[in-house]
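Taking it in order: structure first as structure tokens, then the write-up.
The values are calculated or read from the model by the stated rules, or taken from the named source; none is laboratory data. Note that the structure is a prediction, hence the values are computed from the model and not measured. Here the Cβ positions follow ideal geometry from the backbone for every residue, glycine too, while neighbour counts run over all protein chains shown. Keep in mind that these areas ignore ligands, DNA and RNA; they rest on the heavy atoms of the full protein, side chains included. Shrake-Rupley method; radii C 1.70, N 1.55, O 1.52, S 1.80 Å.
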Amino acid sequence: MDQLQKKIDLLDKDRIPVHVAMIMDGNGRWAKKQGFNRSDGHAEGVSTVHRVTQMSSDLGVKYLTLYAFSTENWNRPTDEVATLMYLIGWAIERELPELLRNNVRIHLLGDIERIPEEPRQRLFYARDATAHCTGLQLNMCLSYSSRWEITEAARRLARRAAAGELDPENISEEMLADNLTTAGIPDPDLLIRTGGEERISNYLLWQIAYSELYFTPVLWPDFTNEEYVDAILDYQNRERRFGKTSEQVQNNE
Ligand code: FPP
């Protein structure tokens, strides 16, 4: 039996995280190590996106959320931004038949209107073509940042309050959550960041309040399915207390 299957067999199939979020870091350093340019690292990163999507689907993860392009990434050199935009459009079109075969539904999070016309149309096409799929939901964060979406939510609620439709005293956590781009999606159980940095970088700040965090030094293009299963095994060994005591959790209170 191969190593991957041995690890998969160790998983508790009843405690697979429902929602896994990932920060795909390290493409640039991977490319540099190989003597390539940064864009080659992003192209290689697309293969890892393919792998983790398939693996998530096979393991029964219901939501996979990928930080493909942040609001701050617009400040990268123009040619790198252009390559990333091209790659995203190209990858989504190339992957669409397999996404459909695997019953994967594409969902887009972020300020999608900022994405250039051609990749945007490909993204919309893939989203619409997979709208009926009932398996894994693949959330692609594009031109996304947490502070952006929280600001947008605040603006929307403030507008309703100013119009007299909403009493500010009645604004609840649920109402705010319902105005984020992730409305209706359960919070991530597990957040994985590759590439060795141990920070959150303006990603899902509201939603990860009780998520388990997993940081690995492995660069995104080198992130294998074995490493993905290692992260889930690590998650399954943790006790999620949501602010309660260990005793309360063990007594199911
Ligand atoms: C961070 O690595 C990675 C990104 C900013 C882009 C990630 C995008 C992809 C893997 C392609 C996405 C494609 C689809 C279809 C979702 P970095 O460049 O910051 O790496 P470094 O820290 O080593 O410089």
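Below is a table of values for the structure above.
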| item | result |
| --- | --- |
| Cross-link partners of LYS32 among aspartates and glutamates (Cα-Cα below 16 Å; sequence separation of 8 or more within a chain) | ASP40, GLU44, GLU80, ASP222 |
| Cα-based Rg of the chain normalised by 2.2 N^0.38 Å, two decimals | 1.06 |
| Portion, in percent, of the accessible area of the chain that falls on carbon or sulfur, probe 1.4 Å | 48 percent |
| Solvent exposure of the chain as accessible area per residue, Å², 1.4 Å probe | 52 Å² |
| Theoretical gain in end-to-end length, GLU197 to ASP58 [0.36 nm per residue, Cα-Cα removed] | 47.2 nm |
| Cα extents of segment 1-131 along the three principal axes, largest first (Å) | 45, 38, 24 |
| Cα coordinate range in segment 173-253, projected on the principal axes (Å, largest first) | 39, 34, 19 |
| Pairwise Cα inverse-distance average, inverted: Kirkwood Rh of segment 118-178 (Å) | 14.4 Å |
| Simple spin-label estimate for ALA154 and GLU227 in nanometres, 7 Å along Cα-Cβ | 3.6 nm |
| Restricting segment 210-253 to chymotrypsin sites (Phe, Trp or Tyr not before Pro) in coil, as DSSP defines it, with at most 16 other Cβ within 10 Å | TYR210, PHE242 |
| Tensor-based shape of segment 1-63 (alpha-carbon gyration tensor, a/c under 1.5 rounded, otherwise prolate or oblate) | prolate |
| Using a Förster distance of 45 Å, the FRET efficiency for ASN103-ASN252 (Cβ separation, nearest 0.05) | 0.85 |
| Reach of LYS13 by Cα under 24 Å, taken over lysines that are not fewer than 8 positions away in the same chain | LYS62 |
| Distant alpha-carbon pairs in segment 117-253 (separation over 23 angstrom), percent | 55 percent |
| Estimated [θ] at 222 nm from DSSP helical runs (n ≥ 4, -39500 (n - 2.57)) normalised by residues in the chain, nearest 500 | -14500 deg cm²/dmol |
